[in-house]
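A.B. asks: Below you will find the structure I want to go over with you.
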(Lines give C-alpha, C1' and ligand atoms only; values in the text may rest on other atoms or scores of the structure.)
Protein backbone atom coordinates (compact mmCIF):
# COMPACT_ATOMS: atom_id res chain seq x y z
CA UNK A 1 0.00 0.00 0.00
CA UNK A 2 1.46 3.36 -1.00
CA UNK A 3 0.37 5.24 2.12
CA UNK A 4 2.61 2.99 4.26
CA UNK A 5 5.66 4.65 2.73
CA UNK A 6 4.55 8.28 2.98
CA UNK A 7 6.53 10.33 5.49
CA UNK A 8 4.29 12.74 7.34
CA UNK A 9 5.38 15.59 9.59
CA UNK A 10 4.64 15.55 13.31
CA UNK A 11 4.15 18.73 15.32
CA UNK A 12 7.78 18.82 16.47
CA UNK A 13 9.16 18.28 12.93
CA UNK A 14 9.82 14.56 13.34
CA UNK A 15 8.98 12.66 10.14
CA UNK A 16 6.27 10.14 10.97
CA UNK A 17 5.16 7.31 8.70
CA UNK A 18 1.52 6.41 8.26
CA UNK A 19 1.90 3.06 10.08
CA UNK A 20 3.46 4.87 13.05
CA UNK A 21 0.57 7.35 13.09
CA UNK A 22 -1.85 4.40 13.14
CA UNK A 23 0.03 2.85 16.06
CA UNK A 24 -0.20 6.15 17.97
CA UNK A 25 -3.93 6.37 17.26
CA UNK A 26 -4.47 2.80 18.46
CA UNK A 27 -2.40 3.40 21.60
CA UNK A 28 -4.37 6.55 22.43
CA UNK A 29 -7.60 4.56 22.08
CA UNK A 30 -6.64 2.11 24.85
CA UNK A 31 -4.85 4.38 27.32
CA UNK A 32 -6.78 5.96 30.20
CA UNK A 33 -8.01 9.53 29.81
CA UNK A 34 -5.35 12.16 30.32
CA UNK A 35 -2.41 10.15 28.96
CA UNK A 36 -0.37 11.84 26.24
CA UNK A 37 1.21 10.02 23.31
CA UNK A 38 3.97 11.79 21.39
CA UNK A 39 6.27 10.89 18.54
CA UNK A 40 9.76 12.23 19.14
CA UNK A 41 13.22 11.78 17.70
CA UNK A 42 15.21 9.12 19.50
CA UNK A 43 18.07 10.44 21.60
CA UNK A 44 19.88 7.11 21.24
CA UNK A 45 22.66 7.33 18.62
CA UNK A 46 22.08 3.67 17.78
CA UNK A 47 18.65 4.60 16.40
CA UNK A 48 20.05 7.47 14.29
CA UNK A 49 17.27 9.88 15.26
CA UNK A 50 14.50 7.53 14.17
CA UNK A 51 11.08 8.49 15.55
CA UNK A 52 9.92 6.73 18.71
CA UNK A 53 6.57 6.71 20.49
CA UNK A 54 6.48 8.15 24.00
CA UNK A 55 3.48 7.64 26.30
CA UNK A 56 3.27 9.94 29.33
CA UNK A 57 0.81 9.49 32.20
CA UNK A 58 -1.60 12.18 33.24
CA UNK A 59 -0.14 14.72 35.65
CA UNK A 60 -3.00 15.22 38.09
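A.B. asks: Being touching a helix residue (DSSP H, G or I) at 6+ places or on another chain (Cβ under 9 Å), at pLDDT below 90 and either in a loop (DSSP other than H, G, I, E, B) or exposed (fewer than 13 other Cβ atoms within 10 Å of the Cβ) (or both) narrows it down to one residue among 3, 12; which is it?
C.D. replies: After ruling out the rest, the residue left standing is 3.
A.B. asks: Just give me the residues in the range 31-60 being surrounded by 10 or more Cβ atoms within 10 Å (Cβ to Cβ) and in a loop (DSSP other than H, G, I, E, B), in sequence order.
C.D. replies: 31, 34, 35, 42, 44, 49, 50, 57, 58
A.B. asks: Moving on. Are any residues in the range 29-60 out of contact with any strand residue (DSSP E or B) (no Cβ under 8 Å at 6 or more places or on another chain) and within 16 Å of residue 15 (Cα to Cα), and if so, which ones?
C.D. replies: Within the range 29-60, 43, 47, 48 qualify.
The values are calculated or read from the model by the stated rules, or taken from the named source; none is laboratory data. Note that the structure is a prediction, hence the values are computed from the model and not measured. Every residue, glycine among them, receives a Cβ derived from its backbone with ideal geometry; neighbour counts consider all protein chains shown.
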